[in-house]
Amino acid sequence: MDNRNVLDIFVNRGMIDAPLAEDMLHEIEASGKDVGDILSDFQVVQSREDMWGIIAQELGSELVDLADFVPPEELLAVIPAPMARLHGALPIDFNAEGITVALLDPMNPQTPEDLRFALGKEIKVVVAPVHVIEKKINEAY
């Protein structure tokens, strides 16, 4: 996920100004911390996890809690392991209308399009913390 795009959301929402966003980008580069930690360090959000709710709102998506989520085998079969890893996509649900996925980069509009094309199903994107999605993909596949 692009740090500048994340910070632009906070600028557009009036939570930070452009110069502060630039300072944060420099801090991310200098410290190696992720954007959520920097937003927390600068007291824009209470914790790095709070960033995800704001991103979900911006995308018009739902924030999901995957902490206790264990995808059943039939759900994992909907997106083959190589495709799930390539696209950073964790299937959350599927029905006749399509597949709900949590993406490592929910802000990349190309990923749902690629999945839609490859799978022949409508794709609904939900948002969850990247580190949780990554862990769940690694555990599931």
Apportionment of accessible area to carbon and sulfur, the chain, percent (1.4 Å): 49 percent
Aspartates and glutamates with Cα under 12 Å of K124, excluding same-chain neighbours fewer than 8 positions away: E62, D93, E97, E113
Set of aspartates and glutamates near K135 by C-alpha distance (under 15 Å), chain-local residues within fewer than 8 positions excluded: D65, D68, D105
Using a Förster distance of 22 Å, the FRET efficiency for M1-E97 (Cβ separation, nearest 0.05): 0.25
Residues with amide H under 5 Å from that of D93, placed H, sequence gap 5 or more: T100
Per residue value of the accessible surface for the chain (all protein chains in place, 1.4 Å probe), Å²: 54 Å²
Semi-axes of the equivalent ellipsoid for the chain, Cα gyration tensor, largest first, Å: 30, 15, 13
Phi to ³J(HN,Hα) by Karplus 6.51 cos²θ - 1.76 cosθ + 1.60 over region 117-131, Hz, x for Gly, Pro: 5, 5, 9, x, 10, 5, 10, 10, 9, 10, 10, 8, x, 4, 5
Fluctuation leader among E58, E113, E97 - the chain, Gaussian network, Cα springs under 10 angstrom: E97
Debye log10 I(q)/I(0) for region 65-141, one point scatterer per Cα, at q = 0.16, 0.18, 0.24 Å⁻¹: -0.48, -0.62, -1.17
Residue of A67, A128, A56 that the Gaussian network model of the chain assigns the largest fluctuation, springs spanning Cα pairs under 10 Å: A67
Gaussian network model of the chain, Cα within-10 Å springs - most flexible of A21, A77, A96: A96
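Normalising by the residue count of the chain, find the relative contact order in percent from Cα pairs under 8 Å and 6+ residues apart.
The value is 22 percent.
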Amide H contacts of V126 (H built 1.01 Å from N, under 5 Å, at least 5 apart or other chain): V101, A102, L103
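The values are calculated or read from the model by the stated rules, or taken from the named source; none is laboratory data. Predicted, not measured: the structure shown is a model, and the values here were computed from it. Here the Cβ is made from the backbone with ideal geometry for all residues, glycine too, and neighbour counts use every protein chain on show. Heavy atoms of the whole protein, side chains included, go into the accessibility calculation; ligands, DNA and RNA do not. Shrake-Rupley method; radii C 1.70, N 1.55, O 1.52, S 1.80 Å.
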